[in-house]
Each structure stands twice: as C-alpha cells, then as structure tokens.
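Everything below concerns the one structure shown next.
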Amino acid sequence: MWDTSFSTITEPAVLAATITSQTDVDCNGNSTGSVEVTATSGTGTSPYEYKLDNSTYQESNVFTDLSMGVHEIVVRDKFFCGVKKIVVQIINYPTYFTPNGDSIHDTWNINELKNQDNSYIDIFDRYGKLIKQIKPSGLGWDGNYNGNPLPATDYWFTVYYNEQNTNQRFSSHFSLLR
C-alpha cells in the first residue's frame, strides 16, 4: 500500500533588513559613527543575530564606534531561515577648519568620498545661500566667497554620494574659525 499523505514544505520567509538610524560625527579624524539595523521577515518577528565586517555575530542590532568608510553588516535568522547583507558608508567630516595659511586645517572637504566620481558637496551660509560646490576629489573649500574671506561662523553642507548603487545625501554643519 502506498502512503498517500504528504508534508507541506514551507519556503523560508525573505529576511528584510534596513538601517533605521545612522549617526555620523567627526572630531578631527577620531570620531566614529553608529548604526542601528531593523530586521523583519514575512512571518513576523524572529530572533536575529548581527555581524559587522569580519567580527562574530552578536544579538544587539546596534553597532557603535564605527570608523569612517564602508562597512558590511550581516543579519541572520537564528533558525537559519534567512541571511541579509547590508553595506553602509560612515561619513566622517571635519567639524571645523582654520583657513589661516599655516597648512593645518586650511581647507574643508570630505576626502573619504574622493573615489566616488559623482559625489559632490554643497556648502551654505546660515541663510541657506549656496556659497560653494566642491568635489571630494578636489582641494576643498578655502573659506572664501568670490575671492573674499567669509566670517568665522557655522556653515552647513549637504553631501551627495552613492551607497549600494543608490543615491544618498547627508547634511550637517561645521565651523569656520579665523
């Protein structure tokens, strides 16, 4: 007699992982960023493990003290029903510059994006007026507008770059000190 019963095989749910917050801070090259990852699957919540770059898996979905540059985060279901890789770009930027001709912090730029040909940075004054557009691969901003030195104050910027084949932008501010 043949067994006519059969089992239903359920395909593993697709694991979705997204970055819900990313903080990018700089203190003259010593700063670090933090990333929080949210993971979900089609079947609801499941216990997940998270791994940064080549480290071991951890239960926390938060990574702190990240250096600037590109990092890979791997999220996996503890029941081995799904794995998702995410690449994040931590953007460090100088919080100030001093264009006084001493060759130390004389220009402002985000050099770590210099290899992204399409990246650029818009710099604004406190009223939102575009002061300068620069490329990370260029020399940076020298604190002048139309050849005249601008006052010591805070300036705002928006950097446009690419992460995982998606156009991104990040905005913050820095100080010009004279």
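The values are calculated or read from the model by the stated rules, or taken from the named source; none is laboratory data. This one's a predicted model, so the numbers in the text were calculated from it and none came from an experiment. Cβ coordinates were reconstructed from backbone atoms using ideal geometry, including for glycine residues, and neighbour counts include every protein chain displayed. Each accessible area value is taken on the protein alone, full model and side chains, heavy atoms only, with ligands, DNA and RNA left out. Shrake-Rupley method; radii C 1.70, N 1.55, O 1.52, S 1.80 Å.
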Report task. Would you mention how many residues in segment 118-142 are farther than 17 Å from residue 170 by Cα and acidic (Asp, Glu)? Result -> 1
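For segment 149-178: of the residues being among the small types (Gly, Ala, Ser) and modelled with pLDDT under 95, which is least open to solvent (accessible area, probe 1.4 Å)?
Ranking the candidates gives 172 first.
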**Report entry** Residues of segment 37-91 satisfying the condition of being under 30 Å from residue 121 (Cα atoms), hydrophobic (A, V, I, L, M, F, W, C) and not in a strand (DSSP E or B)
**Finding:** 68, 91
Report summary line: Among residues of segment 77-91 being more than 12 Å from the chain's Cα centre (by Cα), crowded, with 18+ Cβ neighbours inside 10 Å and not small (Gly, Ala, Ser), the residue nearest to residue 49 (Cα to Cα) is 77
Requested in this report: Tell me which of these residue 175 doesn't satisfy, since it passes every other one: (1) free of Cβ contacts under 8 Å to residues at least 40 places away in the same chain; (2) in a strand (DSSP E or B); (3) more than 22 Å from residue 89 (Cβ to Cβ).
Outcome: (1)
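Considering segment 114-123 alone, what residues qualify as being free of Cβ contacts under 8 Å to residues at least 40 places away in the same chain, open to solvent by 10 Å² or more (accessible area, probe 1.4 Å) and not in a loop (DSSP other than H, G, I, E, B)?
Scanning segment 114-123 gives a single hit, 122.
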Query raised in the report: Mind checking which residues of segment 92-113 are part of a loop (DSSP other than H, G, I, E, B), surrounded by fewer than 19 Cβ atoms within 10 Å (Cβ to Cβ), of a type outside the set (Asp, Glu) and at negative phi?
Result: 95, 98, 100, 104, 107
Query raised in the report: In segment 58-101, what residues are under 16 Å from residue 140 (Cα atoms) and either without any contact (Cβ under 8 Å) to a residue 40 or more places away in the chain or out of contact with any helix residue (DSSP H, G or I) (no Cβ under 8 Å at 6 or more places or on another chain) (or both)?
Result: 93, 94, 95, 96, 97, 98, 99, 100, 101
Query raised in the report: How many residues, within segment 138-148, are in a strand (DSSP E or B) and open to solvent by less than 90 Å² (accessible area, probe 1.4 Å)?
Result: 3
Report task. Report, by residue number, each residue of segment 125-137 that is in a strand (DSSP E or B) and open to solvent by 50 Å² or more (accessible area, probe 1.4 Å). Result -> 130, 132, 133
Query raised in the report: Would a scan of segment 121-132 turn up a residue that is at negative phi and in contact with a helix residue (DSSP H, G or I) (Cβ under 6 Å, 6 or more places away or on another chain)?
Result: no
